[in-house]
1. Amide H neighbours of LEU205 under 5 Å, at least 5 residues apart or on other chains, H built in the peptide plane: list them.
2. Given the DSSP H assignment, sum -39500 (n - 2.57) over each helix run of at least 4 residues in the chain and divide by its residue total; what's the result at 222 nm in deg cm²/dmol, nearest 500?
3. In whole angstrom, and with the biggest value first, how far do the Cα coordinates of the chain range along each principal axis?
4. For region 142-256, what class follows from the C-alpha gyration tensor (a ≥ b ≥ c being the square roots of its eigenvalues): rounded when a/c is under 1.5, otherwise prolate if a/b is larger than b/c, else oblate?
5. Is the shape of region 211-255 rounded, prolate or oblate, going by the alpha carbon gyration tensor and its root eigenvalues a ≥ b ≥ c, with a/c under 1.5 for rounded and a/b larger than b/c for prolate?
6. Got a sec? Which residues in region 122-142 would a label at LEU36 touch, if it sits 7 Å along Cα→Cβ and we count backbone N under 19 Å?
7. What ranking of ILE224, ILE125 emerges when the number of other C-beta atoms within 10 Å of each C-beta is taken as an exposure proxy, fewest first?
8. For VAL238, put the label point 7 Å out on the Cα→Cβ axis and report which residues of region 193-230 keep their amide N under 11 Å from it.
Amino acid sequence: NNTFSTLFVGQNFIKLKEVDSTNNYLKNLASNSEPLPEGTVIMADHQFAGRGQQESVWQTVPGENISASIYLKPSFLPLNKQFFLNMAVSLAVAEALSSFLPHPVKVKWPNDIYYNRKKLGGILIENTLTGSTIKSAVVGIGLNINQEEFTNDLAEKATSLYQILHKQVDLELVMAKIFVYMEKYYLNLKSERYSILQKSYLNRLLNFNTVATYLQNGQVFEGIIKGVEDSGLLIMEVDQETTTFNFKEIEYIHTK
Ligand code: BTN
């Protein structure tokens, strides 16, 4: 029932017109109809209660953007390596989108998808644990594809494939690319290629090894991203000293 050239990602593909959130839908499906095949994908034309990072609201224009969730079972992944799933997913999405664009798509730590210093999309991964192993992960992906304009507050910060290419792109074509790269990076993860993932992730990271301005608790400072710890903490050089930052502790403002 599909045309995706993958082994498992997207092989069970469910398309919905409207749903609260594809992440919610997939979580319910997984708990009501176990075992759900790994790689199952829910994609919706419209979400009326899409969720973003940090309990934020994720709003999209119906039919123009990608709202999708992928079901994975990374039970092989030790808890202290959880951030590597985030790396694999970010890399897959960034690489898939890069194939449509003239320049490489960047990842803003920890997992925002950026192009031209504007946000092209975001990722929301929700894990279910049994004891200390990850039973399942619902990988939610929201991407601005054919949206022509953004409301005033977002215009400065957000972009879409349409704004960059000035043409419409078929949503399922983008999904097909995402599935291919998701499978590639997920299999890298499964075969414990941690250092390759780490290296590729740092290569994709916005502002890696570059002086940029950040904001922490109302304080502006300059820093250079030097790496990420296995736990996901950001390693930065500030005033010639190495410091680490936790998620949402700092905000990137601009590059010098
Ligand atoms: C972010 O805040 O940057 C993450 C946005 C994630 C949005 C996607 S859209 C598909 C999936 N379903 C949701 O409710 N959220 C994610």
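We did not get these values from a lab; they are worked out from the coordinates using the rules stated. Here the structure is a predicted model, which means the values were calculated and not measured. Positions of Cβ are backbone-derived with ideal geometry, glycine not excepted, and every protein chain shown enters the neighbour counts.
1. Long-range HN contacts for LEU205: VAL107.
2. -8000 deg cm²/dmol
3. On the principal axes, the chain reaches 56, 44, 31 Å in Cα extent.
4. Judged from the Cα gyration tensor, region 142-256 comes out oblate (a/c at least 1.5, b/c at or above a/b).
5. Judged from the Cα gyration tensor, region 211-255 comes out oblate (a/c at least 1.5, b/c at or above a/b).
6. In region 122-142, the label zone of LEU36 (backbone N under 19 Å from the point 7 Å along Cα→Cβ) covers 123-131, 133-142.
7. Listed from fewest to most nearby Cβ atoms, that is ILE224, ILE125.
8. 214-224, by backbone N distance to the label point.
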